[in-house]
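Accompanying notes for the structure given below.
The values are calculated or read from the model by the stated rules, or taken from the named source; none is laboratory data. The shown structure was predicted, so the numbers you read here are calculated from the model rather than taken from an experiment. Neighbour counts run over all protein chains shown; Cβ positions are idealised from the backbone, glycine included.
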Amino acid sequence: MGKSIAQKVASTGIDVVLLEISPERVTASAAELAAHLDQELARWGVTPSEKKAILARVHFTADPSALVRTDLVIETVSEDVTLKREVLQRLGALLPAETIFVTNTSTLSVTEIAAASGRPDRVVGMHFLYPVTDSPIVEIVRGAETSAATLARAHLLARVLGKQVIEVFDSPGYVATRAMVPFLNEAMHIVLEGVATPEDVDRALRLGYEFRMGPLEYSDRVGLDKVLGWMEHLWREMGDLKYRPCPRLRQLVRAGHLGRKTGRGFFVWENGERAASTPMMKAP
């Protein structure tokens, strides 16, 4: 997600500092971004000159002090409220008081995250949908203490990135994730019950309702561990059975089959592309 946001921002002509957790991750992330741009180049998504310009604008580092010269920081760590609070606490102590923090979260409380920063009025949520380079929307989430000026900066950034803004209250899952989770969960239950194969479930919903991809392929692409995290958070916060994760999803995550990034989930993946369905499992 961080690299996808960095690519989108850099494509508008803005310089980006991308902070990684180690020098090893700096090298790996730079290579991954270049490889992704090569894929975009192969399908005419970018031109050679655009690829070169984007890579020139993204500066990878493992040194947090490099963020001091930035005026807006977008946090994209894992969907874990404790981790996000720790990151904003550290950045709040390091960076100038005028720096604005954007937390990229799909389910968590912006108010709770912002409280750890020491400057909650300068923290705003922006839920970018993956891939950021293609998705046309962003949800902007105003925390309890987010100032009008900070909110205006988030809207300005969204316009610069060419995004349609959905402004939402600070409520679990906001709009996109809250509505999507029961849909994904029900598709997984259909597979669990043996009603149809993953491939046929996705085909029925993709073709029947003109979706770009089916719910199971979408889950695999996002990462089954991430989808499970969404469901568990909404289940805890809302207490509604429609958010309780499907046992089939738990089985796959416990087995380490997380979707595209591990090569197997509801489908088998090779070189980032779907190869075939996984064998169907009977209900436990």
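Within the range 17-41, the residues that satisfy the criterion of being surrounded by 19 or more Cβ atoms within 10 Å (Cβ to Cβ) and part of a strand (DSSP E or B) are L18, L19. Counting only residues that are farther than 17 Å from G272 by Cβ and among the basic types (K, R), the range 1-55 holds 4 of them.
Of the helices (runs of 4 or more DSSP H) contained entirely in the range 168-284, those carrying at least 2 residues that are basic (K, R) fall at 198-208, 224-238, 247-254.
Go through the residues of the range 49-72 one by one and say whether even a single one is among the β-branched types (V, I, T) and touching a Phe, Trp or Tyr at 6+ places or on another chain (Cβ under 6 Å). Within the range 49-72, not a single residue is among the β-branched types (V, I, T) and touching a Phe, Trp or Tyr at 6+ places or on another chain (Cβ under 6 Å). Out of the residues in the range 176-196 that are surrounded by fewer than 15 Cβ atoms within 10 Å (Cβ to Cβ) and closer than 21 Å to P136 by Cα, which is nearest to the chain's Cα centre (by Cα)? The selected residue is A179.
Going through the range 197-215 one residue at a time, which ones are crowded, with 16+ Cβ neighbours inside 10 Å and of a type in the set (D, E)? Of everything in the range 197-215, those that are crowded, with 16+ Cβ neighbours inside 10 Å and of a type in the set (D, E) turn out to be E199, D202. Set side by side, the residues D71, D80 differ, and just one is over 15 Å from the mean Cα position of the chain (by Cα) and at pLDDT below 95, which is D71. Checked against (1) part of a helix (DSSP H, G or I); (2) in contact (Cβ under 8 Å) with a residue 40 or more places away in the chain; (3) buried (at least 19 other Cβ atoms within 10 Å of the Cβ), R153 passes all but condition (3).
Could you please find all residues in the range 42-63 being surrounded by 14 or more Cβ atoms within 10 Å (Cβ to Cβ), farther than 16 Å from S4 by Cβ and touching a helix residue (DSSP H, G or I) at 6+ places or on another chain (Cβ under 7 Å)? Once the filter is applied, which keeps residues that are surrounded by 14 or more Cβ atoms within 10 Å (Cβ to Cβ), farther than 16 Å from S4 by Cβ and touching a helix residue (DSSP H, G or I) at 6+ places or on another chain (Cβ under 7 Å), the range 42-63 yields T61, A62.
Per-residue answers, yes or no, for (1) among the basic types (K, R); (2) surrounded by fewer than 16 Cβ atoms within 10 Å (Cβ to Cβ); (3) in a loop (DSSP other than H, G, I, E, B):
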residue: A93; (1), (2), (3): no, yes, no
residue: T105; (1), (2), (3): no, no, yes
residue: A115; (1), (2), (3): no, no, no
residue: V124; (1), (2), (3): no, no, no
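Out of curiosity, is V73 surrounded by 13 or more Cβ atoms within 10 Å (Cβ to Cβ) and part of a loop (DSSP other than H, G, I, E, B)? Taking the combined requirement at face value, the residue does not satisfy it. Taking the stated definitions as given, is T111 outside any loop (DSSP other than H, G, I, E, B), over 22 Å from Y130 (Cβ atoms), modelled with pLDDT of 95 or more and not assigned by TED's automatic domain parsing to the domain that holds P136? No.
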